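Each value in this text was obtained by applying a stated rule to the coordinates, not by laboratory testing. Note that the structure is predicted; figures quoted are calculated from it, not measured. Heads up, the Cβs are rebuilt from the backbone with ideal geometry, glycines too, and the neighbour counts pull from every protein chain shown.
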Protein chains: 2
Amino acid sequence: MRFYDYTPAPSPRRVRMFLAEKGLEIETVQVDLAAGEEFREPFVTLNPRCVVPLLELDDGTCIGEAAVICRYLEAVHPEPPLHGTTPEQRAVIEMWDRAMEDDGFRAVAEAVRNTSPAFADRALTGQERYPQLPELAARGVRRTRQFMDDLDTRLGASPFVAGDEFSIADITAFVCVGFARWAKVKPEPRHANLQRWHEVIAARPSANA
Amino acid sequence: MRFYDYTPAPSPRRVRMFLAEKGLEIETVQVDLAAGEEFREPFVTLNPRCVVPLLELDDGTCIGEAAVICRYLEAVHPEPPLHGTTPEQRAVIEMWDRAMEDDGFRAVAEAVRNTSPAFADRALTGQERYPQLPELAARGVRRTRQFMDDLDTRLGASPFVAGDEFSIADITAFVCVGFARWAKVKPEPRHANLQRWHEVIAARPSANA
C-alpha cells in the first residue's frame, strides 16, 4: 500500500490525521503540486483527476478522494472506529463529514482557487483549465465565514461534530479550519464553542500529522 | 422509516432508483420544493440544510444526502449489492460514484441554479441566499459537456461506470444525464459508448422510478 501525499495541501492532511489516529504507518510518496507533478507521469496515469491524496493498493488499484480512502482504511483497520460502528452511526457521521466538506472545504477552495496566482486558469482541480472568477472568490470567503458560524452553533449543541464521540468528521472540520487561513478567515473570539473544540482536537497527537 | 422526496428533483431520484433496485417500498412524503416547503416547518427542523432526499428513521434520526442514504440502505438491506462486497470494490465504486457527483451533478447544478428564475438568489442550496452568477452558469454548461465526453470515454473502457457490474455509480450517472437536460445538454451522436450504456440502464425497471 502506497500513499501519495503533498505535505502542504489540506486534503491529504485529512488522511494523515486518520492514519495517525489508527496508528498506521504506510509508505508515502510526495507529489510536488507546486512543481505541477500531479499533471505529469507517473502520477497522471495513477490518478487522471490529478489530485492528492491517492492510495495505491498492492495489486495496483488506485483509490482517490480523502473520504473514500479513509472509509477503505476503516474497513481494513477497524480499530479504533472513526466512522461509528452501527449503520445508523455510520450514516450520521458520514452526513456530518460531507457537510464539513461541502460547507467548509469547498467554500475555502472556492475562495483560494479563484484568488491565488498559483491557481491562475486552474480554478477547479483536474486537467481542464477554468479561469478564476473574482465574484466566486468573494462568495467563497462569505461561505467560509458562514461555515465558522455554523460550526460554532453545531459545537454548542454537541461535543464533537457528529455527536458524542470523536470521528472522521472532526478530522475534516479541523483540517478545514486550518485551510481557511489560506482564505484569511479564522475563528472569531465570539466562536467560543468552536474555540473550545479546536483546543481539544489540537491536543491530540494526530493534529501534528 | 420515512423517505422525503420531491418527484421532479434529480437527487431524490437517485434514492428512488436505488430503492427500486433493492425491491424496497417505504413510506414516502412529498416536499413541494416549487412551493418552498423545504424552508418551512415541519421540514426545516428535520433537515436544516433544506434539501431532499431525507430519510427519517423510526427513532427520529434523520439522514441526509442521496449517497449517504443509499449506503445506509445497503447496510441494512445488502441484497442485491450495489456498492460492491469487498473493501476494495466498495472503495472503487464509491470513488466513481463521487466522480459522477462532482463532475456531473455539481456541474449541471452550477448551470441550472445560476440561470433559472426559479433559483433567483438561491444559486446554492440551503438557507443562505447567494446571487446567481452568469459566468458560473456558463462554466456549468462547459463542465456538463466535459462530463458527457469523460463519461463516454469511461464507458468505452468499462461496461458500467465503476467496472464490470451495475452499481450505485450507474444510478448516479444515469440520473445526472437526465438532469443535464435542464441545462440543455444531451449526449451527442458521437458519444456511442454513453448511448449504448444509456439504453442498457434505461431498460431496467428502476429507470422508471
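Tabulated data
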| read-out | value |
| --- | --- |
| Qualifying GluC sites (Glu not before Pro) for region B:23-127 [loop in DSSP, other Cβ within 10 Å: at most 11] | B:Glu25 |
| Other copies of A:Thr85: label-to-label distances in nm, shortest first, labels 7 Å along the beta-carbon direction | 2.6 |
| Within the protein assembly as shown: Cβ-based charge dipole about Cα centre, in debye rounded to nearest 20 (Lys, Arg +1; Asp, Glu -1) | 1520 debye |
| Label spacing, shortest first and in nm, from A:Arg190 to its equivalents in the remaining copies (7 angstrom along Cα→Cβ) | 5.4 |
| Region B:87-208 - Rg over Rh from alpha carbon coordinates, Kirkwood radius | 1.01 |
| Histogram of C-alpha separations across region A:102-163, 5 Å bin width, % | 4, 21, 22, 17, 13, 9, 9, 5, 1 |
| GNM top mover of B:Ile171, B:Ile26, B:Ile69 - chain B, alpha-carbon springs below 10 Å | B:Ile26 |
| Per principal axis, descending, Cα span of region B:2-76 in whole Å | 31, 27, 19 |
| Computed over the protein assembly as shown, the ratio Rg/Rh where both radii use C-alpha atoms and Rh is Kirkwood | 0.93 |
| Gap separating the Cα centres of region A:9-67 and region B:66-91, nearest whole Å | 24 Å |
| P(r) tail fraction, chain B - alpha-carbon pairs more than 27 Å apart, % | 31 percent |
| Rounded to the nearest 20 debye, dipole of region A:65-209 from Cβ charges on Lys, Arg, Asp, Glu | 640 debye |
| Expected 222 nm ellipticity per residue - DSSP helices of 4 or more, -39500 (n - 2.57), all of the protein assembly as shown, to 500 | -14500 deg cm²/dmol |
| Signed unit charges on C-beta, dipole axis of chain A, positive-most listed residue A:Leu54, A:Gly140, A:Ser158 | A:Gly140 |
| Candidate lysines for bridging to B:Lys184, where Cα separation is under 16 Å - those fewer than 8 sequence places away on the same chain excluded | none |
| FRET efficiency, B:Arg190 to A:Ala203 (Cβ-Cβ, R0 45 Å, nearest 0.05) | 0.20 |
